[in-house]
Amino acid sequence: MKKTAVYRVVSAVLLLVSIVLGVFLYLTSQSNAKMREELASRNLANWNSLFSMTETLEGNIHSPEDIPDFSKYQNAVLYTVSDQLQPVFEGKSTKALRFLPASYDPLMQELASADDTVEEALLNEGMALYLDINAELKAICDFVVTSSEENANIKYELLDSQSDFSRQVQKLIDDFCEQNGEELEAFFKEWNSKVK
């Protein structure tokens, strides 16, 4: 009789432990799903902000005189989203840098602060480079945003560096950073040699 009572108590305790463990795992799973949803939504919102910025700049910057009006806006958006954006904007040779705030934004800031001593040809060259880079960045953002509108799972795939979509976007980013990193480096050498 005592053995039966002990078995019943042990069985009841094991059943209670398994129920508590099941509830805990369920709640943890729900919490993880909610956190994943928040991260994916925030990342997609950052992509949308970046896309909106590129559209705004493309629609409003037509000459070097327009740049100062939008330099703080671009700077604020880039510093707000670039550290949280997935996949990241780092080219293979620029792993130590955050490309958007460290390479792309300084171009606009230099052009915005240019005075009358800067040669018009150099200013126009910088302006053309800036507009080209902005157009390329807009195309990448448009691809991500449009893809997310067509497929709700894209926002999750952006966070998974092993997904096909994330790899595709990372390849676009790497190519963008590599090509424009070289052009920006060459331009800044010329700019620094001529602007004192």
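The values are calculated or read from the model by the stated rules, or taken from the named source; none is laboratory data. If you're wondering where the values come from, they're calculated on a predicted model, not measured in any experiment. Positions of Cβ are backbone-derived with ideal geometry, glycine not excepted, and every protein chain shown enters the neighbour counts. Keep in mind that these areas ignore ligands, DNA and RNA; they rest on the heavy atoms of the full protein, side chains included. Shrake-Rupley method; radii C 1.70, N 1.55, O 1.52, S 1.80 Å.
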* Only one of ALA139, ALA76 is farther than 29 Å from SER163 by Cβ, open to solvent by 20 Å² or more (accessible area, probe 1.4 Å), hydrophobic (A, V, I, L, M, F, W, C) and out of contact with any Lys or Arg (no Cβ under 8 Å at 6 or more places or on another chain); which? -> ALA76
* Is it fair to say GLU125 is in a helix (DSSP H, G or I), among the charged types (D, E, K, R), closer than 24 Å to GLY59 by Cα and more than 17 Å from the chain's Cα centre (by Cα)? -> yes
* Structure fact -> In region 41-85, anything among the acidic types (Asp, Glu) and at pLDDT below 95 is listed as GLU65, ASP66, ASP69, ASP83
* **Number of the exception - LEU85 against (1) out of contact with any Phe, Trp or Tyr (no Cβ under 8 Å at 6 or more places or on another chain); (2) farther than 15 Å from ILE133 by Cβ; (3) not hydroxyl-bearing (Ser, Thr, Tyr)** => (1)
* Right, GLU190: open to solvent by 60 Å² or more (accessible area, probe 1.4 Å) and either in contact (Cβ under 8 Å) with a residue 40 or more places away in the chain or in contact with an Asp or Glu (Cβ under 7 Å, 6 or more places away or on another chain) (or both) or not? -> no
* For residues in region 110-121 being part of a helix (DSSP H, G or I) and either under 11 Å from the mean Cα position of the chain (by Cα) or surrounded by fewer than 17 Cβ atoms within 10 Å (Cβ to Cβ) (or both), which is modelled with the lowest pLDDT? -> GLU120
* **Count of region 134-169 residues which are part of a helix (DSSP H, G or I), more than 15 Å from ASN48 (Cβ to Cβ) and out of contact with any helix residue (DSSP H, G or I) (no Cβ under 9 Å at 6 or more places or on another chain)** => 1
